[in-house]
There are 2 protein chains.
Amino acid sequence: MLVIVITGLPGSGKTIASDMAREMGLPVITMGDVIREEASRENISPSKASIVLRLRGGTRFVADRILQKIPRSDVVVIDGARSIREIEAIEDALSTKVVLVYIVAPWRQRFERLLSRGRSDDPKVIEDFLMRDLRELRYGLGDLIARADYILVNDSSIEEFKDRVRKLLNSLLTLNNAP
Amino acid sequence: MLVIVITGLPGSGKTIASDMAREMGLPVITMGDVIREEASRENISPSKASIVLRLRGGTRFVADRILQKIPRSDVVVIDGARSIREIEAIEDALSTKVVLVYIVAPWRQRFERLLSRGRSDDPKVIEDFLMRDLRELRYGLGDLIARADYILVNDSSIEEFKDRVRKLLNSLLTLNNAP
């Protein structure tokens, strides 16, 4: 089983990458969806839910939740692991090493993208953006860069980034299908 | 004054980037040199010196030391800041924002490069490599990715990487010289 985990700081391009995986017909599980479901059930903000869930359930909780959603498939893409603990939870449950794809982008571009995306939990001012980065770093997202199997930079056009994602996914699929 | 700080995990390509800056005639200060000097003075390993110096002198100590070496120049390149505290120390002392260039590479390539480089403080086995990464992450090197103004990936040939470095440095110099 090929398990591709996509990670990166807010605004780096995780959603574009997982949309591309979906377009290519791959099953994609989004960890943020688990958090947003919980947020709407509890009537709190997604930011709050992401903290509450991990505080209540432990560092592996969100990973464990998404594992219930994983389809029987040869390949699966998981969008949004935040820490080495979450990666470990996924590897333990599926008895396989994940392929970690880390997406990076300069902070100014990440901030501008989040401003223009304007999802309900996206920052509107620089202070919110920095706080959100800080929260993700506290989970250990920065440290995950050391564990990255592949790194994609998203610092030019969306088309160029999509192209990089497509090429990487194709090469991973080819490797997986090799005898 | 344009202060370019180069950072990245061990084996990512910091030395190649600062060599390129030197070739382009820019003054380069290497934070690792401060540590290696101290190591040879105290007759301990550079790894140990890098911890001892920061434990004894505080998180800003190495940054403060290198500041004494900074030449009177319009542009300076500093290789090897490890944490946001070191960046802040440099910014406070020089009363300027630094431009942070973060170099990234997949772990396997970083490991292979360090193996083949074989500098005295380079890891010979995977465990040493992981320990060294861990040490750097504990300084806060992973978190610095959130603060990166520019990110360079070093995952293909050395020529391609050098080319990326040259282009980036040239564009920074051009920006700096613009009225």
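Overview of results
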| read-out | value |
| --- | --- |
| Unique residue being within 13 Å of chain B (Cβ to nearest Cβ), surrounded by fewer than 19 Cβ atoms within 10 Å (Cβ to Cβ) and modelled with pLDDT of 95 or more when the list is A:R166, A:R108, A:R135 | A:R108 |
| Residues of region B:123-132 that turn out to be surrounded by fewer than 19 Cβ atoms within 10 Å (Cβ to Cβ) and closer than 20 Å to B:R36 by Cβ, as a count | 3 |
| Single condition A:A105 does not satisfy, out of (1) within 12 Å of A:P10 (Cα to Cα); (2) free of Cβ contacts under 8 Å to residues at least 40 places away in the same chain | (2) |
| A:D149 vs. criteria under 22 Å from B:Y139 (Cβ atoms), within 10 Å of chain B (Cβ to nearest Cβ) and in contact with a helix residue (DSSP H, G or I) (Cβ under 9 Å, 6 or more places away or on another chain) | no |
| Any chance B:S156 is in a loop (DSSP other than H, G, I, E, B) and without any contact (Cβ under 8 Å) to a residue 12 or more places away in the chain | yes |
| Subset tally (residues that are in a helix (DSSP H, G or I) and in contact (Cβ under 8 Å) with a residue 40 or more places away in the chain) for region B:120-134 | 3 |
| Qualifying positions in region A:1-59 - in a helix (DSSP H, G or I), aliphatic (A, V, I, L, M) and over 24 Å from A:K97 (Cβ atoms) | A:I16, A:I35, A:A39, A:A49, A:I51, A:V52, A:L53, A:L55 |
| Filtered residues of region A:149-172 (kept if of a type in the set (D, E) and over 18 Å from A:L2 (Cβ atoms)) | A:D155, A:E159, A:E160, A:D163 |
| Output for region A:80-97, where each listed residue is under 19 Å from A:S50 (Cα atoms) and assigned to a helix (DSSP H, G or I) | A:I84, A:R85, A:E86, A:I87, A:E88, A:A89, A:I90 |
| Index of the failed condition, A:L144 passing every other in (1) more than 9 Å from every other protein chain (Cβ to nearest Cβ); (2) touching a residue at least 12 places away in the same chain (Cβ under 8 Å); (3) of a type outside the set (K, R); (4) in a helix (DSSP H, G or I) | (1) |
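Rundown of residues vs (1) crowded, with 22+ Cβ neighbours inside 10 Å; (2) within 14 Å of chain B (Cβ to nearest Cβ), yes/no style:
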{"site": "A:S50", "(1), (2)": "yes, no"}
{"site": "A:L55", "(1), (2)": "no, no"}
{"site": "A:T59", "(1), (2)": "no, no"}
{"site": "A:S73", "(1), (2)": "no, no"}
{"site": "A:R85", "(1), (2)": "no, no"}
{"site": "A:S95", "(1), (2)": "no, no"}
{"site": "A:V98", "(1), (2)": "no, yes"}
{"site": "A:G118", "(1), (2)": "no, no"}
{"site": "A:D121", "(1), (2)": "no, no"}
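The values are calculated or read from the model by the stated rules, or taken from the named source; none is laboratory data. Quick caveat, the model's predicted, so the values are computed rather than measured. Note that we place each Cβ from the backbone using ideal geometry, even for glycine, and neighbour counts take in every protein chain shown.
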